[in-house]
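The structure appears right after this line, and notes come after that.
The values are calculated or read from the model by the stated rules, or taken from the named source; none is laboratory data. Model, not experiment: these values are computed from the prediction. So basically every Cβ, Gly included, is an ideal-geometry build from the backbone, and we count neighbours across all protein chains shown. When the accessible area is computed, the model is the full protein with side chains, heavy atoms only, and any ligands, DNA or RNA have been set aside. Shrake-Rupley method; radii C 1.70, N 1.55, O 1.52, S 1.80 Å.
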Amino acid sequence: MSQMQTYQPAANHVRLIGRTHWMGEVLWLALSGSGVEFSFYGRAARITLQGDDIAATCNNLARIGISVNGQQVIDDQVDQLRKTYTVFESDTEQEITVRITKLSEAAMSTVGIAEIAVQAEEGIKPTPSPQHTIEFIGDSITCGYGVDDEEALHTFSTATEDVTKAYAYLSAEQLGAEYSMVCYSGYGIITGYTETIRS
């Protein structure tokens, strides 16, 4: 039985999705939908994430989603400077695809992928890149502001924001295309968000 092997989320090991940034041996995810995807044939996988300075001081923590073979297994807000998730474990070897996605937007918080550990003799490899890429530039509707909130008038919270339920992500998925997103709630092209003044 093979032992757990550790990998950095570099381009030779994972497919980079959206805009990502290397700093201090950590791959940082800031913008909505940024992340990585990889596959392996093995028995287990653990992902170690690194929170930013906001992770210990702010309510609007980075929200992340981790899926295994297309099924979300982790939906969490990163409230620690370092946190490890066991995303897959089995007594038998299986063909596994893991996707890590930042669900919330850059204006509030960031999160880093510190390391990926798998029990797989041949290690991990990037998933194939789609042939086409779509660039999305938008505001809250692109970020998925409030899609998980049952009350429309609640104030902003990263806990209820999920880019994977917004039109941009879903459009790219339906078209089988890669995406890159730049979106911030309240940032418009002509004007940004302003409070409604009533007379």
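Structure data summary
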| item | result |
| --- | --- |
| Cα-centred dipole magnitude for the chain, charges only on beta-carbon of K, R (+1) and D, E (-1), debye, nearest 20 | 340 debye |
| Most fluctuating residue given options GLN119, GLN174, GLN71, as computed from a GNM of the chain linking Cα atoms under 10 Å | GLN174 |
| Per-residue HN-Hα couplings for the range 13-19 [Karplus 6.51, -1.76, 1.60; θ = phi - 60°; Hz; x = Gly/Pro] | 10, 9, 8, 7, 10, x, 8 |
| Whole-number accessible area per residue in Å² for the chain, which is evaluated in the context of all protein chains at 1.4 Å | 54 Å² |
| Solvent-accessible area, 1.4 Å probe, carbon plus sulfur percent, for the range 98-175 | 51 percent |
| Nitroxide proxy distance, nm - points 7 Å out along Cα→Cβ at GLU173 and GLN5 | 3.1 nm |
| Per-residue ³J(HN,Hα) for the range 143-160, Karplus 6.51 cos²θ - 1.76 cosθ + 1.60, θ = phi - 60°, Hz, x for Gly and Pro | 6, x, 3, x, 5, 9, 9, 7, 10, 5, 8, 5, 6, 4, 7, 5, 5, 10 |
| Carbon and sulfur %, accessible surface of the range 24-64 computed with the full protein complex present, 1.4 Å | 43 percent |
| DSSP bridge orientation in the range 59-199 - percent antiparallel, rounded to nearest 5 | 65 percent |
| Compactness of the range 3-45, expressed as Rg and Dmax over alpha-carbon positions, Å | 11.6, 34 |
| GNM top mover of ALA30, ALA62, ALA117 - the chain, alpha-carbon springs below 10 Å | ALA117 |
| The range 54-169 - Rg over Rh from alpha carbon coordinates, Kirkwood radius | 1.00 |
| Hull-based mean projected area of the chain, where the convex hull spans the alpha carbons, in square nanometres | 12.9 nm² |
